[in-house]
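Let me begin by presenting the structure, written as structure tokens, before commenting on it.
The values are calculated or read from the model by the stated rules, or taken from the named source; none is laboratory data. This structure is a prediction, so every number in the text was calculated from the model and none was measured. FYI the Cβ positions are ideal-geometry reconstructions off the backbone, even for glycines, and counts take in every protein chain you see. Quick note on the areas: whole protein, heavy atoms, side chains included, nothing else; ligands and nucleic acids left out. Shrake-Rupley method; radii C 1.70, N 1.55, O 1.52, S 1.80 Å.
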Amino acid sequence: MGMHGSKPRRQAQVLMLGLDQSGKSTLLYKLKYNESVVTVPTVGFNVETLDTERSSPGLTIWDVGGQRKMRPHWKHHYADTAGLVFVVDSAEAGRLDEARKELHRVLKYESLRGIPLVVLANKQDLCGAFSPEEVCRRLEVRRQCEGRRPWFIQPSSGITGAGLEEGFRRMVYLMKTPLRQTQADIQVKMKSKSFRITALLCG
Ligand code: GDP
């Protein structure tokens, strides 16, 4: 439900994927309710809406369970997806290889061709977490995406909330921006205040 008048908001579907325990449910509830919640492994999916600037579509975020047995179901959510957020536990060195393989598998799907990717290098609050640059390198994001889809790596923490709004603002921006725009251009434009996202309680 929109809170800005009677006209219904356009909604863009954003799919949030990542290995189990990467922090998807935690960051979704932090972003939406500014609350830290005790999460249980997602069986099925969580759906939340985030309100954005009037000129941008609202975002419907699908958090699909990341456990191994859930991953074959990810593909059922690909149709109508306008953006992909891939969440990585930056502090879990032992699972970055598994995360890379899952990310590459997802990016191969025809129905996700060309759509923007934001990688959240999550759990940056933990000591020893890899930098976003290192996460980017280990996931081979540049090689997978350059020239094919707009992408961005955003450091974040689902516990402190750092980087979460920025990550989803980047997504809104990337959804509106032609692929040919450079990363440098994106950084300049992202300083504009017009991409503010506020959490909106729905339903
Ligand atoms: P999901 O399986 O990807 O949905 O992961 P959860 O949201 O259930 O989080 C898994 C565990 O990681 C929980 O114990 C969270 O409290 C913890 N966690 C999630 N995000 C962060 C973070 O940014 N920093 C830290 N330190 N812990 C986190």
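Descriptive notes on the structure:
- Looking at the stretch 78-151, the helices (runs of 4 or more DSSP H) lying wholly inside it that each contain 1 or more residues that are within 15 Å of the ligand (Cβ to nearest atom) and surrounded by 19 or more Cβ atoms within 10 Å (Cβ to Cβ) sit at 96-107, 132-138.
- Enumeration of residues in the stretch 152-168 that are surrounded by fewer than 20 Cβ atoms within 10 Å (Cβ to Cβ) and either touching a Leu at 6+ places or on another chain (Cβ under 6 Å) or hydrophobic (A, V, I, L, M, F, W, C) (or both): Ile159, Ala162
- Among the residues of the stretch 48-83, those that are more than 23 Å from Tyr33 (Cβ to Cβ) and touching a residue at least 12 places away in the same chain (Cβ under 8 Å) comprise Ser55, Gln67, Arg68, Met70, Arg71, Trp74, Lys75, Tyr78, Ala79, Asp80, Thr81, Ala82.
- Qualifying residue in the stretch 44-66 (condition: assigned to a loop (DSSP other than H, G, I, E, B), hydroxyl-bearing (Ser, Thr, Tyr), open to solvent by less than 50 Å² (accessible area, probe 1.4 Å) and at pLDDT below 60): no
- Residue check for Val141: of a type in the set (A, V, I, L, M) and at pLDDT below 90: no
- Selected residue (only one of Val47, Val87 is out of contact with any Pro (no Cβ under 9 Å at 6 or more places or on another chain), aliphatic (A, V, I, L, M) and within 26 Å of Phe130 (Cα to Cα)): Val87
Each row is one residue, and each column tells you yes or no for (1) free of Cβ contacts under 8 Å to residues at least 24 places away in the same chain; (2) over 17 Å from Asp20 (Cβ atoms).
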| position | (1), (2) |
| --- | --- |
| Ala91 | no, no |
| Lys101 | yes, no |
| His104 | no, yes |
| Leu112 | no, yes |
| Leu117 | no, yes |
| Ala129 | no, yes |
| Ser156 | no, yes |
